[in-house]
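Okay, structure first, notes after.
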Amino acid sequence: MAHFIPRLASVPLDFQPGSSWKYSGLAGIDTLARVVEVASGQTFDEFLRKRIFDPLGMSDTSFVVPEDRQVRLASVYRSTDKGLEATPPMIRFPKTYFSGAGGLSSTAADYFRFAQMLVNGGNASGKHLLSPRAVELISSNHVGDMFPGQLGRPMGMGFGLTVEVVEDNVQAGTFRSRGSFGWDGAFGTHFWVDPQEQLVAVLMIQTNVGRMIHRDFETAVMQAIVQ
């Protein structure tokens, strides 16, 4: 990233800063990862391992899947007229490029540990990886009404710090609680954190038809709650 991110400075802007907002799925988030490297003096993978993965016990999360774990790596599928068909991943990064946007491989168990830390207000086993205020800022809508319409998102949705936020679940047509937040992965993964219900949900799939499955999964989980 130390070589690539400075090159972005020569790319024309889509609009003047502060005049609009648009989700940046790779360049924007990778730029933030480079900021972490400069501020910490560590490579992004080292920073994540020391500050997040090791403290949370996320032993199966990494930018490069070790050779002895390659057999556990799920295949990526695409939908065709003949059904699901195995296909190479749409995004490939060099082993030394630690993308903040989409470079990590993980498991449902590891991702659950990360989500559980967020629903606990940044607390993990009695240790605060984040402050409650930091989690509050992550899960707050920072873009007003500029998110709906992007990436197929409906009215009633906002965008926090790299997560979508349910502002109005009736407008958004979702069973998720107001204030719940989460995001999707490029290959179909999906998670959300629900502070109101003290609930987290993690869905791991590897197909491009994920959006329909995400909604059904959300509805099934939330419909199962009986108080």
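The values are calculated or read from the model by the stated rules, or taken from the named source; none is laboratory data. Note that the structure is a prediction, hence the values are computed from the model and not measured. When we count neighbours, we look across all protein chains shown, and the Cβ atoms used for this are built from the backbone with ideal geometry, even at glycine.
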Search result, residues across region 31-58 that are under 18 Å from SER106 (Cβ atoms), of a type outside the set (Val, Ile, Thr) and under 18 Å from the mean Cα position of the chain (by Cα): ALA33, PHE44, ASP45, PHE47, LEU48, ARG49, ARG51, PHE53, LEU56, MET58
Residue match in region 94-116 (condition: of a type in the set (Asp, Glu), over 14 Å from PHE53 (Cβ atoms) and free of Cβ contacts under 8 Å to residues at least 60 places away in the same chain): no
Leading residue by the ranking (surrounded by the fewest Cβ atoms within 10 Å (Cβ to Cβ)) among those in region 8-41 that are among the hydroxyl-bearing types (Ser, Thr, Tyr) and over 17 Å from LEU161 (Cα atoms): SER10
Condition check for GLY185: small (Gly, Ala, Ser) and either modelled with pLDDT of 95 or more or exposed (fewer than 15 other Cβ atoms within 10 Å of the Cβ) (or both): no
Residues of region 188-210 classified as touching a Leu at 6+ places or on another chain (Cβ under 9 Å) and modelled with pLDDT under 95, total: 6
Search result, residues across region 108-142 that are closer than 16 Å to GLY179 by Cα, hydrophobic (A, V, I, L, M, F, W, C) and surrounded by fewer than 17 Cβ atoms within 10 Å (Cβ to Cβ): ALA134, LEU137
Leading residue by the ranking (nearest to ARG211 (Cα to Cα)) among those in region 55-93 that are of a type in the set (D, E, K, R) and in contact (Cβ under 8 Å) with a residue 40 or more places away in the chain: ARG78
Residue match in region 42-61 (condition: of a type in the set (Gly, Ala, Ser) and either buried (at least 17 other Cβ atoms within 10 Å of the Cβ) or farther than 25 Å from LEU199 by Cα (or both)): no
